[in-house]
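Remarks on the structure that follows.
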Ligand code: ADP
Ligand code: MG
């Protein structure tokens, strides 16, 4: 007798959720990335109790068509790619069609959305992956997701959640990166009625740096701008005198996506060479732009890691671009300080 059977959609989603939805910050990440992909210019995130109680993400993007609202929660359902070839030319932050069904399977969701300016839209209520209602509703253009009681039906995962402060730390860390990579989007983060981050969205990256790291940090930044045949690099690095005790203030983005990459981090630190005191790290916000075909973003469900097909050209390019700017800065004589 055959023993192998295909798991039903519900269990499949819960298994996927294990990878995609690690903690409240993962929900924030997936919902905010969807808002960016929808062309939003304003995104508001309001969380309660570190996101364990409630996460609300409101955007003014394209909205979801009434007939698409239910299918948005199907597994591998996406409007962003259509065939295998598209995988080599990803220009959106999402493409796997996994986030909504995964989040929905481990929480209680309310979605309100409208794709038009007429004030009419849809509202869906989903609990533990089960659609409870899908009705016409008043709604401004854009989309709002409210995710409550994350992991309410997966007690083992819930037990692993850390303190509210730790979960909040992960969320604000991520929101900082989003604001830094998208200075043209007005981003707000609120926690239990406190505003933790607010950017105006006027495209000025230094204003975002000031909002996150303070005005002194913004004053200590040197602009970076470099180009070669495959890559263009833009952003800011701090003068060697402005350092921090951890690497957390090094943010690297590839085609608008926040990524973590040791090779890139090392290239940035090598550019400072002996200029940094031991165990001190610079503040760096660097955005790389390259053709989507030379970077593979389909490496990890959370898409935090990517693979570069020409890394032995990329890393020296980044190192030299930063080094050139730092060297110039060091050559300019600093005012002599008298005792
Ligand atoms: P993916 O982002 O990989 O396509 P998701 O499960 O995150 O998959 O979302 C499924 C689909 O729902 C998206 O492809 C998009 O069409 C729609 N969607 C989700 N969030 C939004 C939003 N904030 N605004 C407009 N459309 C959205
Ligand atoms: Mg998505």
Selection from the range 169-182 of residues crowded, with 22+ Cβ neighbours inside 10 Å and over 17 Å from residue 283 (Cα atoms) yields 171, 182
I need the full set of residues from the range 85-95 which are in contact with a helix residue (DSSP H, G or I) (Cβ under 7 Å, 6 or more places away or on another chain) and either assigned to a loop (DSSP other than H, G, I, E, B) or near ligand 1 (Cβ under 6 Å from one of its atoms) (or both), in order please.
90, 91, 92, 93, 94
Qualifying positions in the range 16-42 - over 17 Å from residue 258 (Cα atoms) and in contact with a strand residue (DSSP E or B) (Cβ under 7 Å, 6 or more places away or on another chain)
24, 38, 40, 41, 42
Lone unmet requirement of (1) more than 21 Å from residue 39 (Cβ to Cβ); (2) touching a helix residue (DSSP H, G or I) at 6+ places or on another chain (Cβ under 6 Å); (3) more than 11 Å from ligand 1 (Cβ to nearest atom) for residue 101
(3)
Suppose we filter the range 2-24 for residues that are part of a helix (DSSP H, G or I) and away from ligand 2 (no atom under 15 Å from the Cβ); how many remain?
8
When you scan the range 148-244 for strands (runs of 3 or more DSSP E) that lie fully inside it, which ones turn up with 2 or more residues that are over 28 Å from residue 269 (Cβ atoms) and touching a residue at least 12 places away in the same chain (Cβ under 8 Å)?
186-191, 194-198
For the range 96-141, list the strands (runs of 3 or more DSSP E) that sit wholly inside it and hold at least 2 residues that are surrounded by fewer than 17 Cβ atoms within 10 Å (Cβ to Cβ); which are they?
120-127, 130-138
Quick check on the range 30-54: of everything there that is more than 16 Å from ligand 2 (Cβ to nearest atom) and part of a helix (DSSP H, G or I), which residue is surrounded by the fewest Cβ atoms within 10 Å (Cβ to Cβ)?
49
Any residue at all in the range 60-73 that's more than 8 Å from ligand 1 (Cβ to nearest atom), in contact (Cβ under 8 Å) with a residue 24 or more places away in the chain, over 23 Å from residue 190 (Cα atoms) and not in a loop (DSSP other than H, G, I, E, B)?
yes
Picking from 113, 82, 78, the residue that is modelled with pLDDT of 95 or more and either within 16 Å of ligand 2 (Cβ to nearest atom) or under 24 Å from the mean Cα position of the chain (by Cα) (or both) would be 113
What single numbered condition from (1) under 18 Å from residue 149 (Cβ atoms); (2) more than 14 Å from ligand 2 (Cβ to nearest atom); (3) not in a helix (DSSP H, G or I) fails to hold for residue 57?
(2)
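The values are calculated or read from the model by the stated rules, or taken from the named source; none is laboratory data. Keep in mind the model is a prediction, meaning the values are calculated, not measured. With ideal geometry, Cβ positions are generated from the backbone for all residues, glycine too; neighbour counts draw on all protein chains shown.
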